[in-house]
């Protein structure tokens, strides 16, 4: 949920897309081409969303104007994602995701600061 935009973000893993809904349930927009989109976290200060792309081994940053602006790969089935507010120390936001390493278990990887 993005309260500032009154938007509900939905990850559609089977449809390889993210759908943004208005509170009444009407579709505001879709962003397609997102292989097995699973988890979403929203930066309410910017309206950007980060989504895990499990099948692609990546995460994507989505803009509030309906575009994919960044994709970071090299992960093995990223599943969970969290946004960490580190602005007090660095002036930026950072995303991290939990992925399954090849040997099993879980790993946490810092993705990228927001410019």
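Read-outs: derived from the displayed coordinates by stated rules, not from any lab. Not measured: the values here are computed from a predicted model. Positions of Cβ are generated from backbone atoms using ideal geometry, with glycine treated the same way; all protein chains shown enter the neighbour counts.
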Point-to-point label distance, residue 14-residue 76, nm (Cα→Cβ direction, 7 Å offset):
2.9 nm
In nanometres, what is the gap between the two model label sites at residue 68 and residue 29, each 7 Å from Cα along Cα-to-Cβ?
1.5 nm
For peptides 40-50, 15-25, sequence by mean Cβ density within 10 Å, most packed first
40-50, 15-25
With N residues in region 18-71, Rg(alpha-carbon) / (2.2 N^0.38 Å) equals 1.09
